[in-house]
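Asks: Take this structure, written in structure tokens, and hold onto it; I'll ask about it next.
The values are calculated or read from the model by the stated rules, or taken from the named source; none is laboratory data. Small disclaimer: the values here were computed from a predicted structure and weren't measured. No Cβ is skipped: glycine too gets one built from the backbone with ideal geometry, and neighbour counts run over all protein chains shown. Accessible surface is based on the protein model in full, side chains and every heavy atom, while ligands, DNA and RNA are left aside. Shrake-Rupley method; radii C 1.70, N 1.55, O 1.52, S 1.80 Å.
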Amino acid sequence: MNASRAEICVVACAEVWRGDGEILASPMGTVPTIGARLARLTFAPELLLTDGEAMLIADVPALGRPARVIEGWLPFRRHLALVTGGRRHVMMGASQLDRYGNQNISRIGDARRPDRQLLGVRGAPVNSLNHPVSYWIPRHSPRVLVERVDMVCGVGHDRAAAAGPAATRFHGLRRVVTDLAVLDFETPDRTLRVRSLHPGVTAEEVRAATGFPLDVPADVPRTRPPTAAELRLIREVLDPDGLRDREVRP
């Protein structure tokens, strides 16, 4: 069975939670949400999922469907305790991301007169300093992967190191999944490199779509495609309406 690019991305997002154990998965975006639910149904059954509001859910519904089984109450104060205690792995978006993993979701342009007002800083600093963080970028381009972000919201490796042990103690940037590749920070200077290329994507395409020099190992592998069982779960159980293709077009 041939997998679409969106389905490749779903599996890549699911893989960010592999080995996390009993931890709260907090996906932001359609493809990461399908990925977290796929992980729960396959190799990470101990993952905790929420209904997006105040409940932990025991079942794994399709996108847009309500949960049928509630296994716990997660009000805001308890959610904050999980965040600051490291028992959460969030997959956030990024309007801009630099090579060290500094993320911007607040504004584009000069602070005195921004060209664009975005979401605002939100909880990005606390997330990035207190528990594992990965990023999802549905459109890999030089406008998103930039040399320098216009404002730091999520904290990258260089700024965490400059701030000292209080910032680095629980700081952990894991993966960046885009519509072209999977990236990580497993380099000596903790900067981005390509971990895998999605099927059909070349190293030259990824470099051209990145706003800074990007390390692409000569032996870089291909991103793992979904198994037949995973494809059935994605298409028939988790996203029967095909919402994934709105975020990553075929």
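Asks: Please work out which residue is farthest from the chain's Cα centre (by Cα), limiting yourself to the stretch 208-229 and to residues that are of a type in the set (S, T, N, Q) and open to solvent by less than 30 Å² (accessible area, probe 1.4 Å).
Replies: Filtering first and then ranking leaves 210.
Asks: Related question: May I ask you to say which residue of 190, 232, 195 is part of a strand (DSSP E or B) and open to solvent by 70 Å² or more (accessible area, probe 1.4 Å)? Before you say what the answer is, go through the steps one by one.
Replies: Values: 190 fails: part of a strand (DSSP E or B); 232 fails: part of a strand (DSSP E or B).
From the options 190, 232, 195, the qualifying one is 195.
Asks: In the list 56, 49, which residue meets the criterion of being under 26 Å from residue 179 (Cβ atoms) and either of a type in the set (A, V, I, L, M) or assigned to a loop (DSSP other than H, G, I, E, B) (or both)? Steps first, please.
Replies: Numbers: 56 fails: under 26 Å from residue 179 (Cβ atoms).
Selected residue: 49, the only one of 56, 49 that is under 26 Å from residue 179 (Cβ atoms) and either of a type in the set (A, V, I, L, M) or assigned to a loop (DSSP other than H, G, I, E, B) (or both).
Asks: Among residues belonging to the stretch 145-161 that are crowded, with 21+ Cβ neighbours inside 10 Å and farther than 21 Å from residue 119 by Cα, point out the one that is nearest to the chain's Cα centre (by Cα).
Replies: Only one residue fits best here, namely 157.
Asks: Given the conditions (1) of a type outside the set (D, E, K, R); (2) surrounded by fewer than 22 Cβ atoms within 10 Å (Cβ to Cβ); (3) within 23 Å of residue 201 (Cα to Cα), report the number of the one that residue 11 does not fulfil.
Replies: Looking at each condition in turn, residue 11 falls short on (2).
Asks: Among what's in the stretch 15-34 and is within 23 Å of residue 180 (Cβ to Cβ) and without any contact (Cβ under 8 Å) to a residue 60 or more places away in the chain, pick the residue that is surrounded by the most Cβ atoms within 10 Å (Cβ to Cβ). Don't jump to the end; show me each part of the working.
Replies: Within the stretch 15-34, the first condition is being within 23 Å of residue 180 (Cβ to Cβ), and the residues that meet it are 15-18, 27-34.
Now narrow it down to the ones that are without any contact (Cβ under 8 Å) to a residue 60 or more places away in the chain: 18, 33.
Working: 18: 11, 33: 25.
In this case the residue turns out to be 33.
Asks: Consider residue 122 carefully, then state whether it is closer than 27 Å to residue 21 by Cβ, at pLDDT below 95 and not in a loop (DSSP other than H, G, I, E, B). So that I can check it myself, show each step before the final result.
Replies: Values: closer than 27 Å to residue 21 by Cβ: yes; at pLDDT below 95: yes; not in a loop (DSSP other than H, G, I, E, B): no.
Against the criterion (closer than 27 Å to residue 21 by Cβ, at pLDDT below 95 and not in a loop (DSSP other than H, G, I, E, B)), residue 122 does not qualify.
Asks: Take the stretch 51-95 and flag every residue that is exposed (fewer than 12 other Cβ atoms within 10 Å of the Cβ), touching a residue at least 24 places away in the same chain (Cβ under 8 Å) and on the phi < 0 side of the Ramachandran plot.
Replies: 85
Asks: So, one more: State which residue is surrounded by the fewest Cβ atoms within 10 Å (Cβ to Cβ) when the search covers only the stretch 162-187 and only residues that are among the β-branched types (Val, Ile, Thr) and not in a loop (DSSP other than H, G, I, E, B).
Replies: First, the residues of the stretch 162-187 that are among the β-branched types (Val, Ile, Thr): 168, 176-178, 182, 187.
From the residues that got through so far, the ones that are not in a loop (DSSP other than H, G, I, E, B) too are 168, 176-178, 182.
Details: 168: 15, 176: 26, 177: 32, 178: 27, 182: 26.
Among those that are among the β-branched types (Val, Ile, Thr) and not in a loop (DSSP other than H, G, I, E, B), it is 168.
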